[in-house]
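Beneath this line is the structure, given in structure tokens, with notes to follow.
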Amino acid sequence: MASVTQGKETGSAKAWPTVNPLTPTDVLDALDEGIRDFRAAPKYGLFFGAFYAAAGWLLISLVYYLNHPYLAYPLATGFALFAPFAVTGLYDVSRRLEKGEQLSWKAVLGSIKAVSGRELAWMAVVTVFTLIIWLDIAAFLFFAFMGFGGGTSDNLINEILTTSRGWVFLAIGNLVGAILAAIVFSYSAVSFPMLYDRNVDFVTAMVTSVKTVLKNPWAMAVWAIIIAVHLALSLVSLFAGLIVVLPILGHTTWHIYRKAVGPPEETSAATAS
């Protein structure tokens, strides 16, 4: 498989990738390109989307089997944290379509193995740690508002939707979840395709992602809203929508990364602050 990684920068000053300005129009253009990539190679997108949806069904079934239904909603929302891992192969599909290279299962699946090394593993650690924090907070809020005896599978929804404490729990829980989601979005918006595309460390990828969000707040806000709406629709469909939504978002993430981060030769020696 053709290598797409670049050598790491050396020298007394760390060279940081250049972050380009983006507009909401750029994000919509990337979404259009993502849809086009999905249409050009649907079997790859449907494969990764179906695999991810099946994993979601398995996790939620496990939660109910263990009789912890109060964790179903936070786990379903937190499950989205692993979407960038699930679509790594789609970055390869988009790159090959971009370069006019031939697609094959061997090449696409091989690209996942090629980048599943140390730096992506560290991103996995960060992601798992974030999910654990979110689940701990969700459990704490649930017990604080609903009590240790509430929340059986028979009365959970009724308690949350028809009682004042349930409404307060929903409001605070979703607010905390939104704050955590914003933090995760900032460090992961372009870090995963960057780790696939270049031989950089995970800290550089995360810092570049945060810089991208801070430099382009309106454009990235539009992207965050697009992600949130699509994921909400997927939750309503009990993850079935992920079969199509996930590949579109994955391909779009690649194109946003390509628009947002300058090529390896365009670097800045300024230190990250």
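The values are calculated or read from the model by the stated rules, or taken from the named source; none is laboratory data. Computed from a predicted structure; not experimentally measured. For neighbour counting, all protein chains shown are included, and Cβ atoms are generated from backbone atoms with ideal geometry for every residue, glycine included.
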Would you check if there is a residue in segment 220-241 being more than 13 Å from the chain's Cα centre (by Cα), buried (at least 23 other Cβ atoms within 10 Å of the Cβ) and over 24 Å from LEU135 (Cα atoms)?
yes
Somewhere in segment 186-205, is a residue more than 24 Å from ILE35 (Cα to Cα), small (Gly, Ala, Ser) and more than 15 Å from the chain's Cα centre (by Cα)?
no
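At pLDDT below 80, closer than 23 Å to VAL244 by Cα and surrounded by 13 or more Cβ atoms within 10 Å (Cβ to Cβ): is that true of PHE79 in this structure?
yes
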